[in-house]
Amino acid sequence: EMKEGKYPDGSKCLRAKIDMASPNMNMRDPVIYRILRCTHHRTGDKWCIYPMYDYAHPICDYLQGVTHSLCTLEFEDHRPLYDWVGINLGFSPKPRQIEFARLAVTNMVMSKRYLKRLVEENHVHGWDDPRMPTVTGLRNRGVPPEALLDFCTKIGIVKANSECQLSYLEACIRDNLNENAERAMAVLEPLKVTITNYEGEEMLESAIHPLKPELGTRQVAFSNTVYIDRADFAMVPPPKYQRLKPDGYVRLKGAYIIHCDEVITDENGNVVELKCSYIPESRSSNDTSGIKVKGTIQWVDAKTGVDAEIRKYAPLLKDAEYVGQDFTERMNLDSEHIFYGKAEPYLKESVDGKPFQLMRVGYYKKCVDEKGNLVLSEIVSLKDNFNK
């Protein structure tokens, strides 16, 4: 009669006759079927009764050939019912349920309930947002599957609830990408540099991967106008500053040493251009200039460089101020930063989804947007720098 739809939702249910005196409340004649009128993605409105999870779980495992059903600790009290269903339905071999502690990672939202809120409240762009720890989110971010396997192997499976540091996961990702990601150059906030004593153009050789010489080299264009990152120049440098400054020297990665001769500013005093001179004898791998510089920075040729939208990410959660602090109080509302920078054309010519180490910037995944523009999405930083 329940199946035929004679009763309204919630008015009737089917219970398993077990033991109302059991110390385990899950064994006290639990509900195994209830009336629920909803549209099923396969059967439509044909059915109005559905099994409870505790009843369907062991049956589905048996039918699908699952031998060991792995659950988190909250299902430990449900195991007697899982076994009861298998025994009374004559499953052979009977699947076995094993419980382990839920994986908790600092500064990451792992609860499906909270992840759903992040999506519904528009804190993220969707379930596949690169900041989300979902399968689609991790894939969209560019996290290598091998790095996740390495992480899981290292932390192991335990019974006791504990919290793993986010930096440990990032270290596994970083180790994998350091070994496999090709190198390239990009600048997040371009600052124009005009090399006044350089004429013409040339192509420089740069290693595709310094640890894998068998991959060969790539051609990098060089001319009298390049972009450096604005963060690599300081009008009033702090102590021990080793990058470019007025009347200072710095090496352009894989190219030449340059000297800052003049700083051009706008009417508001903002630096808009640097006039520099290069040292002809200082070419990388053939430096006979005798000039010693401590700083080396990345750069992009202004004539051949391409526009790039560069996306940097921070964890969705800040550090907890006290035990049990609600995740909404820990929300990092500034977890996505977008820069409109410059990148060498080698990046745009590469296949979509390919990971790169942007030298001195971080590990990034190459993408294109709906208009075909280059997008570089951060996978992981070069080092752990969150909250520092």
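Please report, ordered by residue number, the strands (runs of 3 or more DSSP E) entirely within the stretch 288-388 with at least 3 residues that are modelled with pLDDT of 95 or more, under 23 Å from the mean Cα position of the chain (by Cα) and of a type outside the set (Gly, Ala, Ser). Outline the logic, then answer.
On the way: elements: 299-301, 306-313, 336-343, 355-358, 362-368, 374-381.
Answer list for the stretch 288-388: 306-313, 336-343, 355-358, 362-368, 374-381.
Going residue by residue through the stretch 27-44, is there one that turns out to be assigned to a helix (DSSP H, G or I) and either closer than 30 Å to Gly156 by Cα or not polar (S, T, N, Q) (or both)?
Taking the stretch 27-44 first, the residues assigned to a helix (DSSP H, G or I) are 27.
Add one more test, that the residue is either closer than 30 Å to Gly156 by Cα or not polar (S, T, N, Q) (or both), and what stays is 27.
Yes, the stretch 27-44 contains a residue that is assigned to a helix (DSSP H, G or I) and either closer than 30 Å to Gly156 by Cα or not polar (S, T, N, Q) (or both).
Do you know which of the residues in the stretch 336-388 that are on the phi > 0 side of the Ramachandran plot and small (Gly, Ala, Ser) is surrounded by the fewest Cβ atoms within 10 Å (Cβ to Cβ)?
First pass over the stretch 336-388, keeping only residues on the phi > 0 side of the Ramachandran plot: 353, 360, 362, 372, 387.
The next check asks that each one be small (Gly, Ala, Ser); those that pass are 353, 362, 372.
Working: Gly353: 11, Gly362: 23, Gly372: 7.
Filtering first and then ranking leaves Gly372.
So, in the stretch 242-256, exactly how many residues are among the hydroxyl-bearing types (Ser, Thr, Tyr) and within 31 Å of the chain's Cα centre (by Cα)?
We begin by selecting, within the stretch 242-256, every residue among the hydroxyl-bearing types (Ser, Thr, Tyr); these are 249, 256.
Narrowing further to those that are within 31 Å of the chain's Cα centre (by Cα): none.
The number of residues fulfilling the criteria is 0.
Using the structure shown, decide if Gly90 is of a type in the set (Gly, Ala, Ser), within 28 Å of Leu103 (Cβ to Cβ) and over 37 Å from the mean Cα position of the chain (by Cα).
no
Of the residues that sit in the stretch 45-59 and are in contact with a Lys or Arg (Cβ under 7 Å, 6 or more places away or on another chain) and not in a loop (DSSP other than H, G, I, E, B), which one is surrounded by the most Cβ atoms within 10 Å (Cβ to Cβ)? Spell out the reasoning first.
Going residue by residue through the stretch 45-59, those that are in contact with a Lys or Arg (Cβ under 7 Å, 6 or more places away or on another chain) are 48-50, 52.
Right, trim to not in a loop (DSSP other than H, G, I, E, B) and you get 49-50.
Working: Ile49: 17, Tyr50: 15.
That would be Ile49.
Considering each residue of the stretch 304-347, count those that are of a type in the set (Lys, Arg) and farther than 15 Å from Val375 by Cβ, and give that number.
Quick first cut of the stretch 304-347, residues of a type in the set (Lys, Arg) only: 311-312, 318, 330, 342.
Retained after the next criterion (residues that are farther than 15 Å from Val375 by Cβ): 318, 330.
The total comes to 2.
Do you know which residues across the stretch 112-147 are in a loop (DSSP other than H, G, I, E, B) and free of Cβ contacts under 8 Å to residues at least 12 places away in the same chain?
Pass one, the stretch 112-147, residues in a loop (DSSP other than H, G, I, E, B): 121-134, 142-144.
Once the filter is applied, which keeps residues that are in a loop (DSSP other than H, G, I, E, B) and free of Cβ contacts under 8 Å to residues at least 12 places away in the same chain, the stretch 112-147 yields Glu121, Asn122, His125, Gly126, Asp129.
Return the total of residues in the stretch 60-73 being outside any loop (DSSP other than H, G, I, E, B) and in contact (Cβ under 8 Å) with a residue 24 or more places away in the chain.
8
Return the residues of the stretch 127-160 that are exposed (fewer than 14 other Cβ atoms within 10 Å of the Cβ), more than 20 Å from Arg311 (Cα to Cα) and under 13 Å from the mean Cα position of the chain (by Cα); say none if nothing qualifies.
Matches in the stretch 127-160: Pro145 only.
Restricting attention to strands (runs of 3 or more DSSP E) lying wholly within the stretch 236-282, give those where 1 or more residues are farther than 22 Å from Glu344 by Cβ and out of contact with any Ser or Thr (no Cβ under 8 Å at 6 or more places or on another chain). Walk me through it before giving the result.
Details: elements: 249-252, 257-265, 271-278.
Counting at least 1 such residues, we get 249-252, 257-265.
For the stretch 161-185, enumerate the residues that are surrounded by fewer than 21 Cβ atoms within 10 Å (Cβ to Cβ) and more than 22 Å from Pro133 (Cα to Cα).
Scanning the stretch 161-185 gives Glu179, Asn180, Glu182, Arg183.
If a residue has to be surrounded by 16 or more Cβ atoms within 10 Å (Cβ to Cβ) and among the aliphatic types (A, V, I, L, M) to count, how many in the stretch 65-87 make the cut?
Here the count works out to 2.
Kindly evaluate Tyr62 against the criterion of being surrounded by 14 or more Cβ atoms within 10 Å (Cβ to Cβ) and among the aromatic types (Phe, Trp, Tyr).
Working: surrounded by 14 or more Cβ atoms within 10 Å (Cβ to Cβ): yes; among the aromatic types (Phe, Trp, Tyr): yes.
Taking the combined requirement at face value, the residue satisfies it.
Ser285: touching a Phe, Trp or Tyr at 6+ places or on another chain (Cβ under 8 Å) and either modelled with pLDDT of 95 or more or not hydrophobic (A, V, I, L, M, F, W, C) (or both), yes or no? I'd like the intermediate steps shown before the answer.
Values: touching a Phe, Trp or Tyr at 6+ places or on another chain (Cβ under 8 Å): no; either modelled with pLDDT of 95 or more or not hydrophobic (A, V, I, L, M, F, W, C) (or both): yes.
In short, no.
Check off (1) out of contact with any Lys or Arg (no Cβ under 9 Å at 6 or more places or on another chain); (2) basic (Lys, Arg); (3) in contact (Cβ under 8 Å) with a residue 24 or more places away in the chain for Arg34 and give me the number that stays unchecked.
(1)
Are any of the residues in the stretch 47-57 within 30 Å of Gly156 (Cβ to Cβ), of a type in the set (Ser, Thr, Tyr) and modelled with pLDDT of 95 or more?
Checked the stretch 47-57: at least one residue is within 30 Å of Gly156 (Cβ to Cβ), of a type in the set (Ser, Thr, Tyr) and modelled with pLDDT of 95 or more.
Here's the yes/no breakdown for (1) among the hydroxyl-bearing types (Ser, Thr, Tyr); (2) closer than 21 Å to Ala160 by Cα:
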| position | (1), (2) |
| --- | --- |
| Val66 | no, no |
| Thr72 | yes, yes |
| Arg79 | no, yes |
| Ile87 | no, no |
| Pro93 | no, no |
| Ile98 | no, yes |
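The values are calculated or read from the model by the stated rules, or taken from the named source; none is laboratory data. A quick note: this is a predicted structure, and the numbers were derived from the prediction, not measured. Positions of Cβ are generated from backbone atoms using ideal geometry, with glycine treated the same way; all protein chains shown enter the neighbour counts.
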